[in-house]
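What follows is a short report on a single structure.
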Amino acid sequence: MARRKKVYEGKGKVLYEGPEPGTFVQYFKDDATAFNAEKHDVIEGKGVLNNRLSEFFMSGLNAIGVPTHFIKRINMREQLIRQVEIIPLEVVVRNVAAGSFSKRLGIDEGEPLPRPIVEFYYKDDALGDPLVTEEHILAFGWAGQQDLDDMVALALRVNDFLSGALLGVGIRLIDFKIEIGRIWEGDYMRLVVADEISPDSCRLWDIKTGKRLDKDVFRRDLGDLADAYTEVARRLGVLPQTSAPLGKPTLIN
Ligand code: TMP
């Protein structure tokens, strides 16, 4: 069988050339990294769970008219996506103080924010993805004013959709990160949600207990990451209630 051409390999995913021009195949690995890959582990089944969860969130967004790169899931670890030109920014939306926001501003984790706050980080591993302002983005030409306005609007629509979907299953969306890409259709360009939306890129807390159901479980050594992601998938109906965690062997006694 002809080997597909690898286009890019990141910390958690691999991109291959897709079956048609303008498409890629996105493969989800089991690797987990934190603190700019200072901490690394392989969590069996994580890639399978993130593939399913990202499919769930992206197809939901597509269905309500928020454009994403997602076309369809191909198999356990792969999905077909549209090729986009990634804007080199991580767009973070925060509803509740946590993580670097709490550290930077001295606000306790769990403190609700007066309104959703949108932040931009410049995607550069060597610099540790620094926080940047609109001034930096405009001055260096990473995006124009219209793009910036559109990115904020897109990020807030994603926030509303994710918050509602998760609230319905007893999960509080604390914050999340998205990446945004450009798609060209002739002379016309539009922005779409790209990369992935999964518990790797969100903070998800159980509403009642505050239990962490996201990558902080790995970052802070709070327990079994695959179990946490499996719980999110089960609650959202992405996994049958009783099945073994995806990607893990089923135990038969
Ligand atoms: P932070 O509090 O560490 O800045 O993270 C904010 C949100 O962004 C959180 O939901 C985790 C997510 N995130 C990523 O997806 N990738 C990253 O590299 C970082 C630092 C955060």
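Yes/no per residue for (1) within 16 Å of the ligand (Cβ to nearest atom); (2) in a strand (DSSP E or B):
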site	(1), (2)
Ala155	yes, no
Asp160	no, no
Gly164	no, no
Ile174	yes, yes
Lys177	yes, yes
Arg190	no, yes
Ile197	yes, no
Leu204	yes, yes
Restricting the stretch 88-112 to residues that are within 13 Å of the ligand (Cβ to nearest atom) and farther than 18 Å from Asp216 by Cβ, which is most open to solvent (accessible area, probe 1.4 Å)?
Leu105
The conditions are (1) open to solvent by 20 Å² or more (accessible area, probe 1.4 Å); (2) under 24 Å from Ala97 (Cα atoms), and Cys202 fails exactly one of them. Which is it?
(1)
Under 9 Å between Cβ atoms, which residue pairs at least 6 apart in sequence (or on different chains) link something in the stretch 140-155 that is touching a residue at least 60 places away in the same chain (Cβ under 8 Å) with a partner that is assigned to a loop (DSSP other than H, G, I, E, B) and among the aliphatic types (A, V, I, L, M)?
Asp147/Ile87; Met151/Ile87; Met151/Ala143; Leu154/Val66
Out of (1) of a type in the set (A, V, I, L, M); (2) under 17 Å from Pro199 (Cα atoms); (3) out of contact with any Pro (no Cβ under 8 Å at 6 or more places or on another chain), the odd one out for Ile71 is which?
(2)
Being under 13 Å from Asp195 (Cα atoms) and among the basic types (Lys, Arg) is the filter; apply it to the stretch 9-49 and report the residue that is surrounded by the fewest Cβ atoms within 10 Å (Cβ to Cβ).
Lys11
Residue check for Asp221: at pLDDT below 95 and either buried (at least 23 other Cβ atoms within 10 Å of the Cβ) or out of contact with any His (no Cβ under 8 Å at 6 or more places or on another chain) (or both)
no
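The values are calculated or read from the model by the stated rules, or taken from the named source; none is laboratory data. Model, not experiment: these values are computed from the prediction. Reconstructed Cβ throughout: ideal geometry from the backbone, glycine too, with neighbour counts over all protein chains shown. Note: accessible area is taken over every heavy atom of the protein model, side chains too, but ligands, DNA and RNA are not part of it. Shrake-Rupley method; radii C 1.70, N 1.55, O 1.52, S 1.80 Å.
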